[in-house]
Amino acid sequence: MRGEMKRQRGEMKRQRGEMKRQRGEMKRQRGEMKRQRGEMKRQRGEMKRQRGEMKRQRGEMKRQRGEMKRQRGEMKRQRGEMKRQRGEMKRQRGEWTLEAG
């Protein structure tokens with residue numbers, strides 16, 4: 001009778017220990033899952049940041065190209081204006097010489 005009681009008590013202790021071990025394992029797994037989820041979120045955020053940076057750079061390149069084109073057009077316009085003025089001066093001089101003659 002007494003041996004049976006001892007055996008039962010030992011079995012209960014063993015079961016309790018097993019339950020504790022399982023609970024600890026569950027907690028560990030839950031923590032690991034959370035850590036993985038956090039890592040995934042971090043990676044996704046990093047990817048988004050990189051994509052945004054790429055877009056920003058592309059926009060900057062486009063802006064620079066547009067600025068270069070604008071400058072080139074301005075230079076051409078100025079050159080045309082200078083030529084026009086020069087032609088105007090020559091024309092006036094020609095008219096003046098005709099009048100004098």
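The values are calculated or read from the model by the stated rules, or taken from the named source; none is laboratory data. Predicted, not measured: the structure shown is a model, and the values here were computed from it. Please note: Cβ atoms are built from the backbone with ideal geometry, for glycine as well, and neighbour counts cover all protein chains shown. Protein only, heavy atoms only, side chains kept; ligands, DNA and RNA dropped before computing areas. Shrake-Rupley method; radii C 1.70, N 1.55, O 1.52, S 1.80 Å.
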**Complete:** Mean-square fluctuation maximum in Gaussian network of the chain, Cα pairs under 10 Å, restricted to GLY80, GLY38, GLY66, hits GLY80
**Item:** Highest-fluctuation residue, LYS69, LYS20, LYS34 considered, GNM on the chain with Cα pairs under 10 Å
**Value:** LYS20
**Asked** Under a plain spin-label model, where a point goes 7 Å from the Cα along Cα-to-Cβ, how far apart in nm are GLU99 and ARG72?
**Response** 4.3
**Prompt:** Straight-line reach from LYS20: which lysines have a Cα under 24 Å away, not including same-chain ones fewer than 8 places off?
**Reply:** LYS6, LYS34
**Fill in**
Computed curve, the chain, Cα-only Debye sum without solvent term, log₁₀ I(q)/I(0) at 0.22 Å⁻¹, is -1.09
**Asked** What residue among GLN29, GLN50, GLN15 shows peak mean-square fluctuation when the chain is described by a Gaussian network model with Cα springs under 10 Å?
**Response** GLN15
**Item:** Computed label-point distance, nm, for sites GLU4 and ARG30 using a 7 Å Cα→Cβ extension
**Value:** 4.0
**Asked** Which aspartates and glutamates, on any chain, are close to LYS13 with Cα under 19 Å apart, when same-chain ones fewer than 8 places away are left out?
**Response** GLU4, GLU25
**Item:** Percent accessible area from carbon and sulfur atoms, the chain, protein chains only, probe 1.4 Å
**Value:** 54
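Work out how much length GLU88 to MET40 would gain on full extension: take 0.36 nm times their residue separation and subtract the Cα-Cα distance, in nm to one decimal.
Details: separation 48, 0.36 × 48 = 17.28 nm, distance 7.16 nm.
Extending this stretch completely gives an extra 10.1 nm.
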**Angle in degrees between helix 2-100 and the longest Cα principal axis of the chain, rounded to the nearest 10** = 0
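How big is the dipole moment of the chain about its Cα centre under a simple scheme where the beta carbon of each Lys and Arg is +1, that of each Asp and Glu is -1, and everything else is neutral? Debye, nearest 20, please. All intermediate terms of the calculation are to be shown ahead of the outcome.
On the way: 40 positive and 15 negative charges, 226 e Å.
Result for the chain is approximately 1080 debye, rounded to the nearest 20.
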